[in-house]
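The values are calculated or read from the model by the stated rules, or taken from the named source; none is laboratory data. Note that the structure is a prediction, hence the values are computed from the model and not measured. Every residue, glycine as well, gets a Cβ built from its backbone with ideal geometry; the counts of neighbours run over all protein chains shown.
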Amino acid sequence: MSESQKQKTIVTLLLDRSASMMQIRDTTIAGVNAWIEELRKTKDDMLFSLIQFDYFSDQEQTTKSDHAPTGAVAASAYLGGAFGNAGFAGASSYKMQLEKTYMATPIGEVKDLTRETYNPRGGTPLIDAAFTTIRAIEQSIQRRDDIKIVLAIQTDGEERDSKENTWAGLKALVAEKEASGWEILFMGVGMDAYAEAAKMGVSRSKTLAYGGDAVATRAAFASTAGKTVAFSSGAAASMAYTDAEKSAAGDTQS
């Protein structure tokens with residue numbers, strides 16, 4: 001890549017859609033929208049993906065997105081082809097659902113999340129969802145060196161329902177991607193976020209144990225948006241949270 005060629009940024013939010021998120025559904029929607037709102041303000045060439053995950057055994061998996069990639073970087077294979085028919089259906093009719101709400105969509109075209117587009121249900125296949133998402137992003141950017149990757153993993157509960165992958169495998173994959181320059185964040189609410197993040201190899205500085213109330217949730221997503229913009233523009237080399245940002249988000253675990 002030439003020095004004059006500006007790196008593009010693909011931002012992916014892996015959002016927990018398990019049933020326990022229902023109690024904080026509205027605050028989560030507001031928080032995600034605060035992040036999107038901040039990203040829209042930037043003039044950076046930024047693409048946004050929103051992947052919702054859950055475990056749901058008695059309904060066909062959802063893999064269709066109404067928001068297909070439209071940017072030049074968002075080749076038709078981005079996430080869609082890489083995910084394929086994500087579901088891991090087994091003898092017990094287990095299905096991990098990965099709903100691709102947005103895939104590598106120019107941030108200016110991303111609409112706010114609503115109650116119609118975010119409806120919590122099912123269980124928490126955290127390991128499988130994170131592993132599959134990372135592999136899909138990896139596949140989509142093969143042989144490209146002009147792309148920055150930001151992946152934020154949000155959840156309100158511990159791993160419960162994964163069948164295909166392990167903590168050890170996920171931790172090794174996270175380490176590999178961080179070594180290649182990816183920024184991977186863990187945002188946990190109502191749980192021991194630092195313990196869960198450590199299992200997948202995300203550092204404490206890039207982990208946020210935010211509060212479930214509206215103010216703390218908005219602060220968590222807004223600060224993550226600020227980190228994203230700074231990293232995308234080159235103003236910051238890392239997306240580590242400051243103590244002040246953690247405090248504003250209601251993080252009492254750090």
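Some values worked out for this structure:
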| item | result |
| --- | --- |
| Only one of 197, 193, 236 that is aliphatic (A, V, I, L, M), surrounded by 19 or more Cβ atoms within 10 Å (Cβ to Cβ) and without any contact (Cβ under 8 Å) to a residue 12 or more places away in the chain | 197 |
| Within region 108-125, tally of residues that are in contact with a strand residue (DSSP E or B) (Cβ under 7 Å, 6 or more places away or on another chain) and at pLDDT below 95 | 5 |
| Region 239-254: number of residues that are more than 20 Å from residue 191 (Cβ to Cβ) and surrounded by fewer than 18 Cβ atoms within 10 Å (Cβ to Cβ) | 4 |
| Residues of region 159-190 satisfying the condition of being touching a helix residue (DSSP H, G or I) at 6+ places or on another chain (Cβ under 6 Å) and surrounded by fewer than 16 Cβ atoms within 10 Å (Cβ to Cβ) | 164 |
| Count of residues meeting criterion [over 19 Å from residue 149 (Cβ atoms) and not hydrophobic (A, V, I, L, M, F, W, C)] in region 224-247 | 5 |
| Failed item in (1) more than 23 Å from residue 131 (Cα to Cα); (2) polar (S, T, N, Q); (3) touching a residue at least 12 places away in the same chain (Cβ under 8 Å), with residue 207 passing the rest | (1) |
| Residue that is surrounded by the fewest Cβ atoms within 10 Å (Cβ to Cβ) [pool: residues in region 210-233 that are among the small types (Gly, Ala, Ser) and under 14 Å from the mean Cα position of the chain (by Cα)] | 225 |
| Every residue from region 138-171 that is over 22 Å from residue 49 (Cα atoms) and either among the β-branched types (Val, Ile, Thr) or without any contact (Cβ under 8 Å) to a residue 24 or more places away in the chain (or both) | 166, 168 |
| Test: residue in region 20-41 that is over 16 Å from the mean Cα position of the chain (by Cα), assigned to a loop (DSSP other than H, G, I, E, B) and at pLDDT below 95 | yes |
| All positions within region 79-107 that are in a loop (DSSP other than H, G, I, E, B) and either of a type outside the set (A, V, I, L, M, F, W, C) or at pLDDT 90 or above (or both) | 84, 85, 87, 90, 92, 93, 94, 95 |
